[in-house]
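Visitor: I have a structure here, written as structure tokens, and I will follow up with some questions on it.
The values are calculated or read from the model by the stated rules, or taken from the named source; none is laboratory data. Predicted model only: the values in this text are computed from it and were never measured. Counting neighbours? That spans all protein chains shown, and the Cβs are built from the backbone with ideal geometry, glycine included. Side chains are part of the model used for accessible areas, which takes the heavy atoms of the whole protein and leaves out ligands, DNA and RNA. Shrake-Rupley method; radii C 1.70, N 1.55, O 1.52, S 1.80 Å.
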Amino acid sequence: MKKKNVAALMAAALTASMLAGCGSSASSSAASTPAESTPTESEAETTTADGDETLTVWAWDPNFNIYALKQAEALYQKDHPNFKLNIEENVYNDIETKLITAATSEDYSTLPDIFLMQDYSYHKMVANFPGIYTDLTDAGLDWDQFSGGKLADSTVDGHHYGLPFDNGASVMAVRSDMIENAGLTVEDFKDLTWSEFEEKAQKVVDANGVPMLTSSGGSELIIEMMQSAGASPVVDGEVKIADNAALKEALTVYKDMVDKGILAEYTDWDQYIASMNDGKAAGVINGCWIMSSVQAAADQSGKWAIVNMPKLDGIDGATNYANCGGASWAVSSNCKNTELAFDFLKSTFGSSVELYDDLLPNAGAISSYLPAAESDVYNQPSEFYGGQTVYKDIVEFAGQVPAFDCGAYYSDVRSALTDAVTNVVQNNADIDSEMQNAQDTVEFNIAG
């Protein structure tokens, strides 16, 4: 298959959504050895300066990612007092644009030592611009300590190009009081199939007069449903949408829930969030980052709970776990001191429970590092969620997420599936026909 042309990738970088997409797994796109660049005079001075322990990092969001970097810097300085991070704040769209510009000009001297990248972009960028990256496979990190589903996002042909950071494990947040109004309990909504869920959800709808679930529309939930079943829309670089049994089941279930009033769609994001806070829905399924929006309704403290999502009926390998959103740390090919960068990442985001214990209460960052779930901080009960140890549960969810493969074409797949969902739900279009249309669209975009 042909890769997208550079102009198309530049346009995609400029218009990419700031919301992280669901993950992807290893593709067949080969990553070549990072390109060598000739350092400028100033760069040569940086690399030869005696005792220089400074790393430049690109990231976004002062209250989340940049806060995390500053805490990691302070932690690492305990044993490396001369260490310093030069943190440059860039919105993600700008980061991706700068990366593409460096790669297309073959001038990697403009890149920082470390940068944060949205998980959904890794396969696209590694496939098209491998010279941007330093391979982290042999950086001394214990990759087994991270969620397999999350790791797959930044793994290409068995090589690691990113160190997982924040957790995007999917959760189903539910109103325990509305469930109890229907004569049920939160326990009744754990480990369900979608058919079992619909049966119980209908009772909640009837008892409370509101939908069981709220959705932001589009293909987000559909993609989570597919991933939970271990199904991928791209397999070994080939588009597998038209004959995807898990996708057909997901579309069928989604349409059925809308028709029955179990699920309500809000295409306006503010209305979507308001539907949770104003009691217009009894639950929501999304990446765990949605919890901050749920918790905005302080008057509902103690009335919410977190459970895993339902799994697709009749699909071999289906699970109750998926991932939606997140980012990972990458080391650029322009890194002046890869040994320092590797050791910094390994000692902080790659192994420090102490760091993640700080980030949870102070930045709301839930760890993708699985051992964090055993800490006292992660085992603290949450008053808002009725005393549930939600953060421990979420990390455990993350450890069971299947890998998901969109290769380099996540944005194309998501857009095509959004059109399919819209036509099926709003226009009663034939599901098989819409799946074929989506297949044709993605194949055309890849070849273009």
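Visitor: Name the single residue, out of those in segment 344-363 being touching a residue at least 40 places away in the same chain (Cβ under 8 Å) and open to solvent by 50 Å² or more (accessible area, probe 1.4 Å), that is nearest to Tyr161 (Cα to Cα).
Guide: Lys346
Visitor: Something else now. Against the conditions (1) farther than 30 Å from Lys248 by Cβ; (2) more than 22 Å from the chain's Cα centre (by Cα); (3) surrounded by 18 or more Cβ atoms within 10 Å (Cβ to Cβ), where does Ile315 fall short? Just the number, please.
Guide: Against the list (1) farther than 30 Å from Lys248 by Cβ; (2) more than 22 Å from the chain's Cα centre (by Cα); (3) surrounded by 18 or more Cβ atoms within 10 Å (Cβ to Cβ), Ile315 comes up short only on (1).
Visitor: What residue, among those in segment 389-439 that are aromatic (Phe, Trp, Tyr) and either open to solvent by 30 Å² or more (accessible area, probe 1.4 Å) or closer than 24 Å to Ala173 by Cα (or both), is farthest from the chain's Cα centre (by Cα)?
Guide: Once the filter is applied, the top-ranked residue is Tyr391.
Visitor: Identify all residues within segment 206-220 that are within 30 Å of the chain's Cα centre (by Cα) and under 20 Å from Val294 (Cβ atoms); write none if there are none.
Guide: Val210, Pro211, Met212, Leu213, Thr214, Ser215, Ser216, Gly217, Gly218, Glu220
Visitor: If you don't mind, there's one more thing I want to ask. Could you check segment 243-282 and list, in sequence order, the residues that are in a loop (DSSP other than H, G, I, E, B) and over 12 Å from Leu417 (Cβ atoms)?
Guide: Asp243, Gly261, Ile262, Tyr266, Thr267, Asp268, Asp278, Gly279, Lys280, Ala281, Ala282
Visitor: Leu213 fails exactly one of the following numbered conditions: (1) surrounded by fewer than 23 Cβ atoms within 10 Å (Cβ to Cβ); (2) of a type outside the set (Asp, Glu); (3) touching a strand residue (DSSP E or B) at 6+ places or on another chain (Cβ under 9 Å). What is the number of that condition?
Guide: All conditions pass for Leu213, except number (1).
Visitor: On to the next question. Could you name every one of the helices (runs of 4 or more DSSP H) located completely within segment 287-364 that has at least 1 residues being under 30 Å from Thr185 (Cβ atoms)?
Guide: Fully inside segment 287-364 and qualifying: 291-294, 353-363.
Visitor: May I ask you to list pairs of residues, at least six apart or on different chains, whose Cβ atoms are under 6 Å apart, with the first in segment 234-248 being within 12 Å of Cys406 (Cβ to Cβ) and the second being open to solvent by less than 10 Å² (accessible area, probe 1.4 Å) and aliphatic (A, V, I, L, M)?
Guide: Val239/Val442; Ile241/Met435; Ile241/Ala438
Visitor: Mind checking which pairs have a first residue in segment 146-163 that is assigned to a strand (DSSP E or B) and a second that is β-branched (Val, Ile, Thr) and surrounded by fewer than 24 Cβ atoms within 10 Å (Cβ to Cβ), Cβ under 6 Å, 6 or more apart or different chains?
Guide: Note: pairs meeting the criteria are His159/Thr137; His160/Thr137.
Visitor: For segment 99-120, enumerate the residues that are in a helix (DSSP H, G or I), in contact with a strand residue (DSSP E or B) (Cβ under 9 Å, 6 or more places away or on another chain) and not hydrophobic (A, V, I, L, M, F, W, C).
Guide: Tyr108, Asp119
Visitor: Within segment 58-99, track down each residue that is modelled with pLDDT under 95, among the hydrophobic types (A, V, I, L, M, F, W, C) and either more than 13 Å from Phe115 (Cα to Cα) or over 22 Å from the mean Cα position of the chain (by Cα) (or both).
Guide: The one that is modelled with pLDDT under 95, among the hydrophobic types (A, V, I, L, M, F, W, C) and either more than 13 Å from Phe115 (Cα to Cα) or over 22 Å from the mean Cα position of the chain (by Cα) (or both): Phe64.
Visitor: Could you list, in sequence order, the residues of segment 224-282 that are over 30 Å from Ala127 (Cβ atoms), open to solvent by less than 40 Å² (accessible area, probe 1.4 Å) and among the charged types (D, E, K, R)?
Guide: Lys255
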